[in-house]
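Participant: I have a structure here, written as structure tokens, and I will follow up with some questions on it.
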Amino acid sequence: MKWSIRIARIAGIEVKLHLTFLIFLAWIALTYYFSAGPQAAINGTVFVILLFLCVVLHELGHALMARRFGVRTPDITLLPIGGVARLERIPDQPKQELLIAIAGPLVNVVIAGILVLFLRQRAAASDFADLNNPHVAMLSKLASVNIFLVLFNLIPAFPMDGGRILRALLAMRMNYVRATQVAAAIGQGLSFVFLFFGFFFNPLLIFIALFVYLGATSEASIAQLRDASSGLPVAEAMVTELKHLPPTATLEDAAETVLRTSQHEFAVVDNSGRLLGILTRDDIIGALRRRGGATPVTEVMRRDVPAVRADEPLDRAFASMQQYGYPALPVTDAAGRLLGLLTAENVGEMMMIQSLRPRPGKPSWRLAHA
Ligand code: ZN
């Protein structure tokens, strides 16, 4: 996350700029500069900034609609390939997901509509001289790009909004996992169509094909995971047989523990068993290289990873783990004492075991309108 800088805060949502986006802007400016001079460089850069402003508004459309259903969006990040609104969770009701997914493209429909109306008025009021006006030319280009954004986002494949719309529509008729599988299969099928046309017409389509294929695959596995873990508590999947580190431990001590165990994540725990922070194997190795073995682990441990309770729903804990990229979640009791760790590896193992074991009294599928 260090690769992003905060540029604004709108309605409690942080708008961040990924550093690669700035590199992309510089690249655009330089390309225009060397091919058409300084004025073209300015125009090109302004156009890209306006375009990404439309992307931010699109993402805000999703975020504000999500907020109506009680789903928070901590931040929106701008990347050269577009914007990403990080929703805290996917709503359970298909109708809510449908409205959230559709809100983004709808914003671009409105922007395009306003621009077209404005340009029409200009064209009617003045003569054709206006067409050569660079500002007017830029606005009409912006209108067409917004129309393109709508069409692109409505492609019925993950990770595009169209994929979510399709899944939500399917989930009104079948259970969520099945709906995701069908939507993902349609997306994968489409990716082959893109690939085919990409080879013959536009190589950009090959890139989109890959993007769509990966999106469909990851969405299907997340849905499967959600289904396997639904209704189970965190306690079911946490690891309890663990080596912990005392607050007095140095990185040298930690490295020794890494060698002696097969653990990837370590908790730092005080004398009374209370959790202070966690460290991953990579954190330890990286810090060892940068700061030396005598550094106390308390100086490099992560303190920002939230602890969960053993009786919390596993699917929710796992969703936040994925969403925020936490390597593991510590599980604590009411007094803050560590009970165990929830790691991605363990959730995966639990899923495998769950899939082999019939669950009495609980069907492995859920009704869409539970
Ligand atoms: Zn969108």
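The values are calculated or read from the model by the stated rules, or taken from the named source; none is laboratory data. Being a predicted model, the structure only gives us computed values, none of them experimental. Heads up, the Cβs are rebuilt from the backbone with ideal geometry, glycines too, and the neighbour counts pull from every protein chain shown.
Participant: Give the number of residues within segment 1-41 that are assigned to a helix (DSSP H, G or I), without any contact (Cβ under 8 Å) to a residue 12 or more places away in the chain and more than 27 Å from the chain's Cα centre (by Cα).
Facilitator: 8
Participant: Same structure again: Filter the helices (runs of 4 or more DSSP H) completely within segment 125-243 down to those with at least 1 residues that are of a type outside the set (A, V, I, L, M, F, W, C), in contact with an Asp or Glu (Cβ under 6 Å, 6 or more places away or on another chain) and under 30 Å from Leu275 (Cα atoms).
Facilitator: So the answer is 204-229.
Participant: Say whether the condition of being assigned to a loop (DSSP other than H, G, I, E, B), on the phi > 0 side of the Ramachandran plot and of a type outside the set (Phe, Trp, Tyr) is met by at least one residue in segment 251-266.
Facilitator: Checked against the condition, which is being assigned to a loop (DSSP other than H, G, I, E, B), on the phi > 0 side of the Ramachandran plot and of a type outside the set (Phe, Trp, Tyr), segment 251-266 yields no hits at all.
Participant: Here's a check for you: in segment 87-123, which residue that is touching a Ser or Thr at 6+ places or on another chain (Cβ under 9 Å) and in a helix (DSSP H, G or I) is farthest from the ligand (Cβ to nearest atom)?
Facilitator: Looking at the filtered set, the residue picked out is Leu119.
Participant: Report every pair of residues separated by at least 6 positions or lying on different chains whose Cβ atoms are under 7 Å apart, first residue within segment 157-169 and within 19 Å of Ile208 (Cα to Cα) and away from the ligand (no atom under 12 Å from the Cβ), second part of a helix (DSSP H, G or I) and not small (Gly, Ala, Ser).
Facilitator: Close Cβ pairs (under 7 Å, with a partner that is part of a helix (DSSP H, G or I) and not small (Gly, Ala, Ser)) amount to Ala157/Ile186; Ala157/Leu190; Ala157/Val212; Leu166/Ile186.
Participant: Going through Gly231, Gly187, Gly215 one at a time, which residue ends up being on the phi > 0 side of the Ramachandran plot and touching a residue at least 24 places away in the same chain (Cβ under 8 Å)?
Facilitator: Only one candidate qualifies: Gly231.
Participant: Among (1) under 32 Å from the mean Cα position of the chain (by Cα); (2) modelled with pLDDT of 90 or more; (3) assigned to a helix (DSSP H, G or I), there is one condition Ser320 misses while meeting the rest; what is its number?
Facilitator: Against the list (1) under 32 Å from the mean Cα position of the chain (by Cα); (2) modelled with pLDDT of 90 or more; (3) assigned to a helix (DSSP H, G or I), Ser320 comes up short only on (2).
Participant: Separate question: What single numbered condition from (1) basic (Lys, Arg); (2) surrounded by 19 or more Cβ atoms within 10 Å (Cβ to Cβ); (3) over 30 Å from Ile353 (Cα atoms) fails to hold for Arg303?
Facilitator: Exception for Arg303: condition (2).
Participant: Within the group Leu149, Leu170, which residue is under 21 Å from the mean Cα position of the chain (by Cα), aliphatic (A, V, I, L, M) and crowded, with 20+ Cβ neighbours inside 10 Å?
Facilitator: Of Leu149, Leu170, the one residue that is under 21 Å from the mean Cα position of the chain (by Cα), aliphatic (A, V, I, L, M) and crowded, with 20+ Cβ neighbours inside 10 Å is Leu149.
Participant: Let me ask another. Among the residues of segment 64-86, what is the count of those that are within 21 Å of Leu25 (Cα to Cα), away from the ligand (no atom under 12 Å from the Cβ) and over 11 Å from the mean Cα position of the chain (by Cα)?
Facilitator: Residues in segment 64-86 being within 21 Å of Leu25 (Cα to Cα), away from the ligand (no atom under 12 Å from the Cβ) and over 11 Å from the mean Cα position of the chain (by Cα): 4 in total.
Participant: For segment 56-74, state whether one or more residues are surrounded by 14 or more Cβ atoms within 10 Å (Cβ to Cβ), out of contact with any helix residue (DSSP H, G or I) (no Cβ under 9 Å at 6 or more places or on another chain) and within 26 Å of Asp315 (Cα to Cα).
Facilitator: yes
Participant: Criterion first (away from the ligand (no atom under 16 Å from the Cβ), exposed (fewer than 14 other Cβ atoms within 10 Å of the Cβ) and modelled with pLDDT under 90) does Leu131 satisfy it?
Facilitator: Judged against the criteria, Leu131 is a match.
Participant: Scanning for something among the small types (Gly, Ala, Ser), touching a Ser or Thr at 6+ places or on another chain (Cβ under 8 Å) and either farther than 23 Å from Ala8 by Cα or at pLDDT 85 or above (or both), does segment 66-85 turn up at least one residue?
Facilitator: For segment 66-85, residues among the small types (Gly, Ala, Ser), touching a Ser or Thr at 6+ places or on another chain (Cβ under 8 Å) and either farther than 23 Å from Ala8 by Cα or at pLDDT 85 or above (or both): present.
Participant: Further question on the same structure: Could you list, in sequence order, the residues of segment 181-215 that are within 17 Å of the chain's Cα centre (by Cα) and β-branched (Val, Ile, Thr)?
Facilitator: Answer for segment 181-215, where residues must be within 17 Å of the chain's Cα centre (by Cα) and β-branched (Val, Ile, Thr): just Val212.
Participant: Given the criterion within 16 Å of the ligand (Cβ to nearest atom) and among the aliphatic types (A, V, I, L, M), identify the matching residue among Leu17, Leu57.
Facilitator: When all the criteria are applied, what remains is Leu57.
Participant: When segment 321-337 is examined, which residues are found to be surrounded by fewer than 16 Cβ atoms within 10 Å (Cβ to Cβ) and either small (Gly, Ala, Ser) or within 18 Å of Gln263 (Cβ to Cβ) (or both)?
Facilitator: Across segment 321-337, the qualifying residues are Gly325, Ala334, Ala335, Gly336.
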